[in-house]
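Everything on this sheet refers to the single structure shown next.
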Amino acid sequence: MKRLALAAAALALAGQAAEAKTLKVSPGDDAQEQLQTALLDAKPGDVVRLAPGRYVLVDGLSLDVDDVTVRGAGPDKTVLSFAGQKGAGEGLLITSDRVTVRDLAVEDTRGDGIKAKGSDQISFLNLRVEWTGGPNEKNGAYGVYPVSSTNVLIDKVTVRGASDAGIYVGQSRNIVLKNSTAEFNVAGIEIENSMNADVFDNLATRNAGGILIFDLPGLPQMGGHSTRVFRNKVVQNDTPNFAPKGNIVAGVPTGTGVMVMANRDVHVFENEIAENQSAAIMLVAYTQAFDDANYNPLPREIVVRDNVIGRNGWAPQFPGGAELAQMTGGVLPPVMWDGVTVDPRSGETPAGAGKVMLSNGPVLNLNLPAAGAMDRARPSVTPTLGAETLPEPAAVVLPPAQAALGS
Amino acid sequence: MRRARGLLAALAAAWLLGAAPAPVALDALLSEAPAASLDAYRLFRDAGGLEPNAGVTPYALNTPLFSDYAEKRRFVFVPPGARVGYRQSGAFDFPVGSVLVKTFAYPADLRRPAEKIRLVETRLLIRKREGWTALAYVWNAEQNRAVLKRAGARLSIEATDRHGAPLTIDYAVPNANQCKECHSLDGELSPIGPKARNLNGDFAYPEGAENQLAHWRRIGLLEGAPDASSAPRTARWDDETEPLAARARAYLDANCGHCHNPAGIAGNSGLFLNLEEDRPSALGFGKRPVAAGRGSGGLEVSIAPGLPDQSILVHRMASNEPGVMMPELGRSLVDEDGLALIRAYVSSLPRADR
């Protein structure tokens, strides 16, 4: 009986696989309707296959079917151009589970490039998202933008020109971001209000800031933690910050390598960090006023070790930076911590505050009495800082079928 | 003789049909595949979609969504014998086979909304066994047939604007996913308008004006409803006799709150503009943007009390540029009256620094 049931299950599975089909789409005058219709008609297991060519689109596209792959012929062959976009907040919106978008390019969206909201097992593979006019504050905010999602895989993705973060993962869990390139964005890569992220083997260059690990107040998911940033190349982030004011990244100094703000359990190791004029690595508290009892504004349990650090911090682009550099021999030390350990609401030092292990110094501790109080800095430089043993977060493990998609 | 009798029978049948047209096609509504054209559902007696069939009840909302100045005609149908379950908050509980019908139409001159009207599209929200389905049917130039458009469309609408100038509206028919973007609660398609509070007002029925909740109850459409006087009520955004804050909150609820609520597609923003929200920071007071990008317009907070020109929310309402404008879907023009209302509301709020 049991064997029979198993056989039936196998048959059912085989049947399902046999039914999976490929919906082919090609460029042309009706590209918008053809492509959107395919995204609506797709059934779980199907592949929407985009032939090579340039697709001229006037509206946002969206996918809300589980288990679908949207596949082009390569990021330089299948190009979705949104230069004439008339509506929607992004080029492609995905709101379903187990979706893979791969081998195509998205250009010149009016808002974000590709967004996934509330998706489980969302994979972005071998993509290019670009604003072709170069850095401009009128460009969209995010290139690749999974939010409120779980099991996020980003592999071999290139983003250029985003007016916020090129690759942005927000309010998500279980994230693997690798082999990708972010250049000419305000922030190259940003992990925000997220748990369990591995960010490795990426290149962040020519942005204002390379890699940001942030946590912000007032959001449904807060308390970001457990991120490993390793083996990345974070070099020559020298594009002047072009973010529209009001956005948190507008406060990232031009020429920042790695910045950790208000996040917990972040390990930064074995990266190559060089030619960033403000600082190689910065650890800071959230500086704005906030009204949220559940928010912790301090970076804590941060480890910085074994990075290869070249020339950085020779012309810091933040208030008081030039004076600081002067005090430290013309160049800032590779690791800078604002040293804030006091919660602005209680005036007390919460448990875990100040817990750091910064062995990759010298380390500049500004010893600020409060976030952003640069005028009251009491800078001190030590070869290393903190002797805590802080265990590294476990490697992020994606579901096997998804992990197998990556390289 | 026999032939004559057949003819008579046919005539009688035709006469009967004229008197009582075939009822709404419940089987078409519940069919898995949507009908290719709107007439298949027999929601209207006429091919032009103007006269509702038996059991199809017109309704209106106290405060509706702005849709590029389109006139909207709403109808509800519930299968014979079934009833809508009253809920104090949220959309009513509609039985399987229900359909919410909304026809978008433009007068030739926006200053004369009742004259020379052209129907553009009719949207249906059908309650099936497995949940709600959204469909859009676009009317032809002859105005005698509306056909299904699943992938959305852009239509150019010519009209005279409210100042007497020629106006071209780049009207967007939503695709099926876009319907869901707004009509989504925790990822499930859901009606927005027919809530007790937004229906709690008078409607001019052919037989006279009557409160809609009372009418629905009286004709057996709605069960479990209290007297209209003890049901909640959304203010009318355009009724200047109502308090400014109530009008503004009603407007924000109808125009923003369907996405900007904790279970909506903009839930990740932390900006919640539904009427049930009461935390000042969640309502945008002094709230910094998260993923607004260039939508911030260089401003620092969603609502700066007392300072509309410093408020991102006002900035995004005043824009018609994709990537900046809010709502993201459903409009290409600025709602001048709505913008004026929200500006007045923000101006009326006490400044934080005083």
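The values are calculated or read from the model by the stated rules, or taken from the named source; none is laboratory data. Remember, predicted model here, so these are calculated numbers, not experimental data. Ideal geometry is used to build each Cβ from the backbone, glycine not excepted, and the neighbour counts take in all protein chains shown.
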Could you list all residues from the stretch B:55-104 that are more than 24 Å from B:GLY257 (Cβ to Cβ), aliphatic (A, V, I, L, M) and surrounded by 20 or more Cβ atoms within 10 Å (Cβ to Cβ)?
B:VAL56, B:VAL78
Within the stretch A:335-377, how many residues turn out to be charged (D, E, K, R) and closer than 12 Å to A:ILE302 by Cα?
1
Within the stretch B:298-309, residues buried (at least 18 other Cβ atoms within 10 Å of the Cβ) and within 12 Å of chain A (Cβ to nearest Cβ) come out as B:LEU299, B:GLU300, B:VAL301, B:SER302, B:ALA304
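Could you run through the stretch B:280-296 and say how many residues are at the interface with another protein chain (Cβ under 7 Å from one of its Cβ atoms) and not aliphatic (A, V, I, L, M)?
Within the stretch B:280-296, residues that are at the interface with another protein chain (Cβ under 7 Å from one of its Cβ atoms) and not aliphatic (A, V, I, L, M) number 7.
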Which one of these does A:GLU137 not meet: (1) at the interface with another protein chain (Cβ under 10 Å from one of its Cβ atoms); (2) in contact with a Pro (Cβ under 7 Å, 6 or more places away or on another chain); (3) surrounded by 23 or more Cβ atoms within 10 Å (Cβ to Cβ)?
(3)
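Could you identify the single residue in B:ALA176, B:ALA151 that is in contact with an Asp or Glu (Cβ under 6 Å, 6 or more places away or on another chain), within 14 Å of chain A (Cβ to nearest Cβ) and not polar (S, T, N, Q)? Show your work before the answer.
Numbers: B:ALA176 fails: in contact with an Asp or Glu (Cβ under 6 Å, 6 or more places away or on another chain).
Going through B:ALA176, B:ALA151 in turn, the sole match is B:ALA151.
Among the residues that make up the stretch B:238-251, is at least one of them of a type outside the set (Asp, Glu) and part of a strand (DSSP E or B)?
If we filter the stretch B:238-251 for residues that are of a type outside the set (Asp, Glu), which is where we start, we get B:241, B:243-251.
Those left that are additionally part of a strand (DSSP E or B): none.
No, the stretch B:238-251 contains no residue that is of a type outside the set (Asp, Glu) and part of a strand (DSSP E or B).
Restrict the check to the stretch A:16-33 and report whether at least one residue is under 29 Å from A:ARG173 (Cβ atoms) and more than 11 Å from chain B (Cβ to nearest Cβ). Break it down stepwise before answering.
So the first thing to find is which residues in the stretch A:16-33 are under 29 Å from A:ARG173 (Cβ atoms), and the list is A:16, A:20.
Among the residues that remain, those that are also more than 11 Å from chain B (Cβ to nearest Cβ) are: A:16, A:20.
Among the residues of the stretch A:16-33, at least one is under 29 Å from A:ARG173 (Cβ atoms) and more than 11 Å from chain B (Cβ to nearest Cβ), which makes the answer yes.
Scanning the stretch A:202-230 for residues that are part of a strand (DSSP E or B) and over 26 Å from A:ALA353 (Cβ atoms), which turns out farthest from the other protein chains (Cβ to nearest Cβ)?
The selected residue is A:LEU203.
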Picking from B:ARG294, B:ARG331, B:ARG316, which residue would you name as being over 22 Å from the mean Cα position of the chain (by Cα) and not polar (S, T, N, Q)?
B:ARG294
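Every residue in the stretch B:273-325 that is polar (S, T, N, Q) and assigned to a loop (DSSP other than H, G, I, E, B), please.
Taking the stretch B:273-325 and keeping what is polar (S, T, N, Q), we get B:274, B:281, B:296, B:302, B:310-311, B:319-320.
B:ASN274, B:SER281, B:SER302, B:SER319, B:ASN320 - these are the residues of the stretch B:273-325 that are polar (S, T, N, Q) and assigned to a loop (DSSP other than H, G, I, E, B).
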Name the residue, out of A:ILE114, A:ILE122, A:ILE213, A:ILE154, that is modelled with pLDDT of 95 or more, within 28 Å of A:ALA293 (Cβ to Cβ) and not acidic (Asp, Glu).
A:ILE213
Failed item, numbered, when A:ALA88 is tested on (1) surrounded by 24 or more Cβ atoms within 10 Å (Cβ to Cβ); (2) more than 9 Å from chain B (Cβ to nearest Cβ); (3) within 25 Å of the chain's Cα centre (by Cα)
(2)
Return the residue satisfying two criteria in turn: it lies in the stretch B:316-332 and is more than 10 Å from chain A (Cβ to nearest Cβ) and crowded, with 18+ Cβ neighbours inside 10 Å, and of such residues it is nearest to A:ALA83 (Cα to Cα).
B:ARG316
Which listed residue is out of contact with any helix residue (DSSP H, G or I) (no Cβ under 9 Å at 6 or more places or on another chain) and part of a strand (DSSP E or B), from B:LEU100, B:LEU125:
B:LEU100
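Of the residues A:ARG160, A:ARG128, only one is more than 10 Å from the chain's Cα centre (by Cα), away from every other protein chain (no Cβ under 13 Å) and without any contact (Cβ under 8 Å) to a residue 40 or more places away in the chain; which?
On the way: A:ARG128 fails: without any contact (Cβ under 8 Å) to a residue 40 or more places away in the chain.
Answer to the selection: A:ARG160.
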Criterion violated by B:GLU181 - all others in (1) of a type in the set (Asp, Glu); (2) within 17 Å of the chain's Cα centre (by Cα); (3) assigned to a loop (DSSP other than H, G, I, E, B) satisfied:
(3)
